[in-house]
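Take a look at the structure below.
We did not get these values from a lab; they are worked out from the coordinates using the rules stated. Because the structure is predicted, anything quoted here is derived from the model rather than measured. Positions of Cβ are generated from backbone atoms using ideal geometry, with glycine treated the same way; all protein chains shown enter the neighbour counts.
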Amino acid sequence: METFLIETSYALIIAQFIIFLAIGLWLYATTDIIKSTFENNDKIIWLLIVTLLPILGTLLYSFIGKKRKLKTL
């Protein structure tokens with residue numbers, strides 16, 4: 001019984017870490033989208049993608065969306 005509780009505790013800690021990491025990355029992506037400038041309606045589209053598909057949308061924005069931002073001087 002005691003080992004079951006210890007293993008469950010570690011699993012909960014790992015799950016919480018993954019959840020907090022996903023929330024943190026989602027917040028980072030959302031604030032980065034809001035602060036950046038994009039062409040046409042790309043900002044709204046990226047916000048919808050990240051909002052409706054939190055984990056997948058954040059990964060897509062990290063790999064694709066950051067390259068599509070307009071460079072400001």
Handout entry: Value of Rg to Rh for the chain (Rh from inverse mean 1/r over Cα pairs, i.e. Kirkwood)
Key = 1.24
Practice task
Calculate one ³J(HN,Hα) per residue across segment 14-23 by plugging θ = phi - 60° into the Karplus curve 6.51 cos²θ - 1.76 cosθ + 1.60, and present them in order as whole Hz with x for glycine and proline.
Solution key: 5, 5, 5, 4, 5, 5, 5, 5, 5, 5
Problem - Gain in span if fully extended, Thr37 to Thr51, counting 0.36 nm per residue against the direct Cα distance - result: 3.2 nm
Handout entry: Linear extension gain, Ile64 paired with Ile19, 0.36 nm per residue minus alpha-carbon span
Key = 13.9 nm
Problem - In degrees, nearest ten, helix 54-63 long axis to first principal axis of the chain (Cα) - result: 50 degrees
Exercise for the section: Calculate the dipole size of the chain relative to its Cα centre from +1 charges on Lys and Arg beta carbons and -1 charges on Asp and Glu beta carbons; express the result in debye to the nearest 20. Expected result: 600 debye
